Amino acid sequence: MPLPRFSLVHGVTPLHELPRLRAALGGPSRCPPILIKRDDLAGPAMGGNKARKLEYCVADALAADATHLVTVGATQSNHARMTAAAARLAGMRCVLVLTAAGAQAPQGNLFLDQLLDAELHFVAPGPVALGPNPHEDACVAAVMRRLEQQGGRPYFVALGASTPLGVVGYVEAMRELTRQCADLGGSAPPARLYFAAGSRGTQAGIVLGSILHCAPWTAHGIAVSPGDPDKTERAVELAAGAAELLGTHVRLTRDQIITHQEFYGAGYAVPTEEGDAAVRLVARTEAIFLDPVYTGKAMAGLIAHVQRGDIDQERPIIFLHTGGLPGLFAQADRLGDPADARPGCD
């Protein structure tokens, strides 16, 4: 019996080739065909991978008669923005507890959070980067308690919607992608699927879904932050929880979680030269926008593997675009080129 789902992803997201990017990387003699799965176009509010995960989390919240969705993230969190949008569509309010080191300009995702009228709370970072944050925990507990005292029924959505229910969203996405690849035909099936690996909920769903739906590719996550081996263990646990929900006996092992660690640079949300170069290259060859935090680093990993000759050139590879466009606007001062000081046309 299918799990309850609140529809946020309307239809199938596109899958198409990137011929100009392939040419820029050396053409057929050096680069395999590159396909892109456009989950940046999934769902409302500028989309992204969180739409697929939130479909199941929001359905669970509605079944619990929730009045508010409460979640956490950084100030430029794509997940926070999508949770605020999903709450609006489901007839709920949203409270965001965001980690900020100081005053934040209302731009990018944070600006959209404000447009969606999410209730915003800002907390200081924890003592360990990407580790437990007591300020965040205390604020979430206080918010949940206040809402309950006011007669509300808050529902907490974990960071990145990385829960067994959220994982189911990407198990189902792999069903969609395998069908699209079959419809494309071609003499050689895709060899690899590349994607950004953050809190690992998406990765858990991709790997489990690829196995359940007999996908021809190997899933290659590109880490956008440190944290292994704990994050790999987390992916295995999340996949096990999703498998239980789906009624399958398949269980992942650690060696099935492939995550490349050499592309995240100095840490989460810290841009890299290679990631910035990938953002510019994809924009200028295919008019597709990546972001420096997630998809730019993931594309940098794909490009490096092509340039090193690590990939079978006879079989296509797929890049899963997980979104993040609003966060790009918060990088305009750093990524933008100075305007050309050319004379007018008069």
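Structure values in brief
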| quantity | calculated |
| --- | --- |
| CYS214 in contact (Cβ under 8 Å) with a residue 12 or more places away in the chain and not assigned by TED's automatic domain parsing to the domain that holds ARG254 | no |
| Tally of residues being surrounded by fewer than 16 Cβ atoms within 10 Å (Cβ to Cβ), farther than 20 Å from GLY47 by Cα and modelled with pLDDT of 95 or more across the range 96-120 | 1 |
| PRO28 being part of a helix (DSSP H, G or I) and in the same structural domain as ALA304 (by TED's automatic domain parsing) | yes |
| Residue satisfying condition, being closer than 16 Å to ALA330 by Cα and either surrounded by 22 or more Cβ atoms within 10 Å (Cβ to Cβ) or touching a Ser or Thr at 6+ places or on another chain (Cβ under 9 Å) (or both), within set TYR268, TYR264 | TYR268 |
| Selection status of ASP60, over 14 Å from the mean Cα position of the chain (by Cα) and either assigned to a strand (DSSP E or B) or surrounded by 18 or more Cβ atoms within 10 Å (Cβ to Cβ) (or both) | yes |
| Residues located in the range 203-258, provided they are closer than 20 Å to PRO132 by Cβ, touching a helix residue (DSSP H, G or I) at 6+ places or on another chain (Cβ under 9 Å) and not in a loop (DSSP other than H, G, I, E, B) | ALA223, LYS231, THR232, GLU233, ARG234, ALA235, GLU237, LEU238 |
| LEU302 being touching an Asp or Glu at 6+ places or on another chain (Cβ under 8 Å), modelled with pLDDT of 95 or more, within 19 Å of PRO190 (Cβ to Cβ) and of a type outside the set (Val, Ile, Thr) | no |
| Filter pass, ARG93 being surrounded by fewer than 24 Cβ atoms within 10 Å (Cβ to Cβ), of a type in the set (Lys, Arg) and farther than 20 Å from HIS10 by Cα | yes |
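The values are calculated or read from the model by the stated rules, or taken from the named source; none is laboratory data. No experiment lies behind these values; they were computed from the predicted model shown. Virtual Cβ from ideal backbone geometry, glycine too; neighbours counted across all protein chains shown.
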